[in-house]
1. Which of the residues spanning the stretch 56-76 are of a type outside the set (Lys, Arg) and surrounded by fewer than 17 Cβ atoms within 10 Å (Cβ to Cβ)?
2. Inside the stretch 43-102, can you point out the residues that are in the same structural domain as Glu138 (by TED's automatic domain parsing), touching a Pro at 6+ places or on another chain (Cβ under 7 Å) and part of a helix (DSSP H, G or I)?
3. Residues in the stretch 127-135: is at least one within 16 Å of the ligand (Cβ to nearest atom), at pLDDT below 95 and surrounded by fewer than 17 Cβ atoms within 10 Å (Cβ to Cβ)?
4. Can you tell me which of (1) within 14 Å of the ligand (Cβ to nearest atom); (2) part of a loop (DSSP other than H, G, I, E, B) is the one Gly107 doesn't meet?
5. Scan the stretch 104-118 and report the pairs whose first residue is assigned by TED's automatic domain parsing to the domain that holds Arg135 and whose second residue is more than 16 Å from the ligand (Cβ to nearest atom) and hydrophobic (A, V, I, L, M, F, W, C), with Cβ atoms within less than 6 Å and a gap of 6+ or a chain change.
6. Looking at Ile88, Ile41, can you tell me which residue is β-branched (Val, Ile, Thr), at pLDDT 95 or above and farther than 25 Å from Leu23 by Cβ?
Amino acid sequence: MDEVIEAWTTRYGATRDQLLPMLHAIQEEAGYVDDALVPVIAKALNISRADVHGVITFYHDFRRTPPGKHMVKICRAESCQSRGGAKIEAAAAQRLGVAMGETRADGQISLEAVYCLGLCATGPNAMVDGRPISRVDEKVLDRIAQEVAA
Ligand code: FES
């Protein structure tokens, strides 16, 4: 990943304002931002490790561990919650065998919260490997569980 950091600073400059876009590029490439990269990024941008760590931990979209092979996200925003989102979230965790915010031990599935997919009228909603799914119910969860088992 050091080469991504070096290529980034060569192309865009080694300035503090490059931290967020660089972190996005790293996550796009590797799927997460490894803690071991914090000092490398800090040195490349001439900022403190605390600055880098603070940004990574502040924004929940940055992952610090490798994601599962499949990513299942359940909407936790208000509209989906008012349509039974909490029940769906619990059922998803049970069916997929992984707690919310975790990656299953076999690395097959990560289950995460998302806060509004812009499909509020058709909730509760989920997203599976980047594909939005509306009107999630027990049957739909069964289908999702089958899909991500493969
Ligand atoms: S609240 Fe769930 S999609 Fe908007």
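1. Selection gives Thr57, Phe58, Tyr59, His60, Asp61, Phe62, Thr65, Pro66, Pro67.
2. Hits for the stretch 43-102 are Cys80, Gly85, Ile88.
3. Looking through the stretch 127-135, at least one residue is within 16 Å of the ligand (Cβ to nearest atom), at pLDDT below 95 and surrounded by fewer than 17 Cβ atoms within 10 Å (Cβ to Cβ).
4. With respect to (1) within 14 Å of the ligand (Cβ to nearest atom); (2) part of a loop (DSSP other than H, G, I, E, B), Gly107 is out only on (1).
5. That search, which allows pairs on different chains as well, returns Arg104/Val98; Ile109/Leu96; Ile109/Val98; Ile109/Val148; Ser110/Met71; Leu111/Leu96; Leu111/Val98.
6. Going through Ile88, Ile41 in turn, just one is β-branched (Val, Ile, Thr), at pLDDT 95 or above and farther than 25 Å from Leu23 by Cβ: Ile88.
The values are calculated or read from the model by the stated rules, or taken from the named source; none is laboratory data. Predicted model only: the values in this text are computed from it and were never measured. So basically every Cβ, Gly included, is an ideal-geometry build from the backbone, and we count neighbours across all protein chains shown.
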